[in-house]
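Quick notes on the structure that follows.
The values are calculated or read from the model by the stated rules, or taken from the named source; none is laboratory data. Everything quoted here is computed from the prediction, not taken from an experiment. For neighbour counting, all protein chains shown are included, and Cβ atoms are generated from backbone atoms with ideal geometry for every residue, glycine included. Just the protein is used for accessible areas: all its heavy atoms, side chains included, with ligands, DNA and RNA removed. Shrake-Rupley method; radii C 1.70, N 1.55, O 1.52, S 1.80 Å.
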Amino acid sequence: MNNLLNFLVKHFPWFFFALYVVLSLAMLFNNNPYQQSVYLTSANAVSATVYEGMSSVTGYVHLKDINEDLQERNALLEMEVVKLRNEINEYKIQLPDTNLQPRLQQFGFIVAHVISNSIAQPNNYITINRGSLDGVKSEMGVVDQNGVVGIVNVTGNHSARVISLLNPDLKLSCKLKNSDYFGGMVWDGKSPQYSILEELPKHMKYNVGDTIITSGYSAVFPEGIIVGTVAGRAHNLSDNFISLKVKLTTNFSQLSTVRVITNDMREELKALEDNNNEKKEKK
């Protein structure tokens, strides 16, 4: 208590001066309209700056939730496009299909966040924060808002490893949009921005800038998911086929939120594929 009294006595002139300043300012702003206007304008400017800063911080904190919501909305739109495209194809060939609607609704998605990613290794992998307890299984396709990312190959309870499109061990069935020419997409181990579409018919016509999409010839990806655009012709050792250099639409150096594609008919299709493989081996 004595220390507090000594402090107050020692600094009494400063406290007295501060009190006079406050009283003077109060009298100045209360009795003079011009000074009052200047004060209110300055106070509003300071308040606006503070609120703007708080809004920026709050917005940054909620970016993850906003991004995830946008991913879900984008995924729904993509699935609708796939369903509509398949429905149009069904009408084109004019074949009755009583099970059309369930088949068109076979694809779904699981939103996940990337927790580990490599792009400069000979064999690149991605780790996501969703696993078997979330419904993620091996051989499920993974995409982001720009295009194909890779395929799940190992799952844990709460995480999964994805074999990246930037991995020579992954071969993805792709085709030119609005055509039936398809081939295998394989990374050549060079730039993370480009890949090679191999085994295309030699007589096939193409243009730089043509869109490359998934072919739908597997249970992993539905038909029509964008992969990249034709950047030109790539070196090819075969005289019977050509290879195209493809600029990937996915920016692998900035992966954040991805979607794992689920397929309700996956097990059925896989069983059929395994059965066909067994028959071939017996022959």
Reported set for region 201-222 where residues are among the charged types (D, E, K, R) and touching a strand residue (DSSP E or B) at 6+ places or on another chain (Cβ under 6 Å) is Lys202, Asp210
So in region 158-176, with the set limited to residues that are closer than 17 Å to Ile212 by Cβ and outside any strand (DSSP E or B), which one is most open to solvent (accessible area, probe 1.4 Å)? Lys171
Thr211 vs. criteria within 23 Å of Asn117 (Cα to Cα) and either surrounded by 19 or more Cβ atoms within 10 Å (Cβ to Cβ) or within 22 Å of the chain's Cα centre (by Cα) (or both): no
Hey, could you check region 106-123 for residues that are in a strand (DSSP E or B) and aliphatic (A, V, I, L, M) and say which is most open to solvent (accessible area, probe 1.4 Å)? Ile115
Given the options Ser179, Ser243, Ser195, name the one that is part of a loop (DSSP other than H, G, I, E, B) and of a type outside the set (Asp, Glu). Ser179
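Give region 124-143 a look and list any residue that's in contact with a strand residue (DSSP E or B) (Cβ under 8 Å, 6 or more places away or on another chain) and open to solvent by 10 Å² or more (accessible area, probe 1.4 Å), or say none. Steps first, please.
The first filter runs over region 124-143 and keeps only residues in contact with a strand residue (DSSP E or B) (Cβ under 8 Å, 6 or more places away or on another chain), leaving 124-132, 134-143.
Once the filter is applied, which keeps residues that are in contact with a strand residue (DSSP E or B) (Cβ under 8 Å, 6 or more places away or on another chain) and open to solvent by 10 Å² or more (accessible area, probe 1.4 Å), region 124-143 yields Tyr125, Thr127, Asn129, Arg130, Ser132, Asp134, Gly135, Lys137, Ser138, Glu139, Met140.
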